[in-house]
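Read-outs throughout are calculated quantities, based only on the coordinates presented, and are distinct from any laboratory measurement. Not measured: the values here are computed from a predicted model. All Cβ positions, even for glycine, are placed from backbone atoms using ideal geometry, and neighbour counts span all protein chains on display.
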Amino acid sequence: QQNVSININDLRTILYLYVRYDDTWDMQRFQKNFTMDIVDLDENCMEFDMVGIDAAIANAFRRILLAEVPTMAVEKVFIYNNTSIIQDEVLAHRLGLIPIKADPRLFEYRNAGEESGEDAGSEIDTIQLQLKVKCSRNPRASKDSSDPQELYLNHMVYSGDMKWMPIGNQADVFADANIGPVHDDILIAQLRPGQELDIIMHCVKGIGKDHAKFSPVATASYRLLPEITLLEPIEGEKAERLKRCFSRGVIHLEELNGKKVAMVVNSRLDTCSREVLRHDDLKNLVKLGRVRDHFIFTVESTGVLPPEVLVTEAIKVLMTKCQRFLNELDNTDME
Amino acid sequence: MAGEGEKKPVLEMVQADGADEGCVTFVLHDEDHTLGNSLRYMVMKNADVEFCGYSITHPSESKINFRIQTRGGIPATEPLRKGLNDLSDVCQHVLNTFQVRFCILEIGRSRCELTS
């Protein structure tokens, strides 16, 4: 097994010479060594471990989560009236970034056709939303108030004001799923009396590679499990200082024969700040490194799909990529 | 052997004149490091492969040059096909493991939904 060691200024990979080591792909050995563990899961965020896989494939999953899992987002904005102070293009940009709660697996990609009019989209590839807000003066406001909340009606345009307009049979198909923005309280624009917005939006299916608004994750990242090895027993006052060099909960001081001895209990909690390497008397007593094939993934969803669905979709996307080229190979072979 | 005429090509094979079938550069369109690196890893695990590497010709073009050189006169499409199949099997195993883990977690939270 290869080790990544963490030194004061760099990371050094120590390669062990593979003497008579068979590196050939062995599915049985992979299946025996591979484990996964879901550490934390709630509505929007998930933390899980993948052990026994190589960095190339773990990174492929991360890249796919960020850029190749499709979602629905506002693509075409038809502005019939915008007398607000926000420019048309800025407003359209903001609308595009709002996450739309619609299961992208139930929709298809829109063909890159020439028609860009308002009737171009069909019910299978487009969601239509409407934003129609007019700001007016509040007749019941007191004479000397200066609070905009009291003076004006509808002066803040929130994403909750976006209404879904079902096309075709969408009203029946998505009767119980309320399609709209994930969050109702995203501020889109501010208005003053006399200003209004009258906008129709078309949402289409896309991937993050095309535009970041289609990315389904707030972020998806992984880190390697830290590995802290104490090269000799450390006790007493040194143990206290060693404990303070690492994150809380990593080092525990045990009482042995009346003296406090340092033990590594949970290296997972460490943030690898290398603080211990700054102390001349402690830096040679500890070996810092990372376990090369233990990946701690953190996936935070924007709310469109739950994080566990995102991970399964990402794995399926990689399988689809492989299948695409396998089919292509078969086709060229048959020719 | 080039790709199809009318449609956008997905996979092309470029071979040097006179070289045998064991040394081929595949041009994979609409791909980047995501598939390139993971496929390279799987193909390198093949004992018949003498050389395997990929490069992105220019970051503005979304295509990769994937080169395979085999030993023993084996046509280069064989390790490519095996690598793609192995990668697909890895993904399937990861997917199964993940779904099992997720179901166990849900049962532990006393509500389990079998996902397909």
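The table below gives the values:
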item	result
Three semi-axes of the equivalent ellipsoid, the range A:175-328, Cα gyration tensor, whole Å, largest first	50, 24, 14
Neighbouring partner chain Cβ atoms per residue of B:38-44, average, 10 Å criterion	5
Helix A:88-97 axis, angle to chain A major axis (alpha carbon atoms, nearest 10°)	50 degrees
Gaussian network model of chain A, springs between alpha carbon atoms under 10 Å - residue of A:Glu123, A:Glu68, A:Glu47 with greatest fluctuation	A:Glu123
Anchor A:Lys316: lysines whose Cα lies under 27 Å away (excluding residues fewer than 8 positions away in-chain)	A:Lys32, A:Lys101, A:Lys205, A:Lys209, A:Lys213, B:Lys7, B:Lys8, B:Lys45, B:Lys63, B:Lys82
0 to 90° range, to nearest 10: angle between helix A:307-334 axis and chain A longest Cα axis	90 degrees
The range B:11-114: relative contact order in percent, alpha carbon pairs under 8 Å with at least 6 residues between	25 percent
Global size of the range B:11-114 as Cα Rg and Dmax, reported in angstrom	18.4, 66
Pairwise centroid distance, computed over Cα atoms, of the range A:247-293 with the range A:128-156, Å	59 Å
Residues of type lysines that A:Lys243 reaches as a straight line, Cα spacing below 23 Å, ignoring anything fewer than 8 places off in the same chain	A:Lys259, A:Lys260, A:Lys283, A:Lys287
Shielding score for A:43-50, defined as the mean number of other chain Cβ atoms within 10 Å	1
Neighbour cut-off at most 13 other Cβ (10 Å), DSSP loop, chymotrypsin sites (Phe, Trp or Tyr not before Pro), the range A:33-120	A:Tyr109
For the range A:142-153, Karplus couplings with θ = phi - 60° (6.51, -1.76, 1.60), whole Hz, Gly/Pro x	6, 5, 10, 8, 10, 8, x, 4, 8, 6, 10, 9
Whole-Å semi-axes of the range A:280-326's equivalent ellipsoid (Cα gyration tensor)	39, 18, 6
Dipole-positive endmost among A:Leu153, B:Gly108, B:Phe26 within the protein assembly as shown (Cβ charges, Cα centre)	B:Gly108
For residues of B:95-102, the mean tally of beta carbons on other chains within 10 Å	6
Acute angle (nearest 10 degrees) that the helix A:55-67 long axis makes with the longest principal axis of chain A, alpha-carbon atoms	20 degrees
Chain A: Rg to Rh, with Rh as the Kirkwood radius over Cα pairs	1.12
Alpha carbon Rg of the range A:34-141, scaled by the compact-globule rule 2.2 N^0.38 Å	1.60
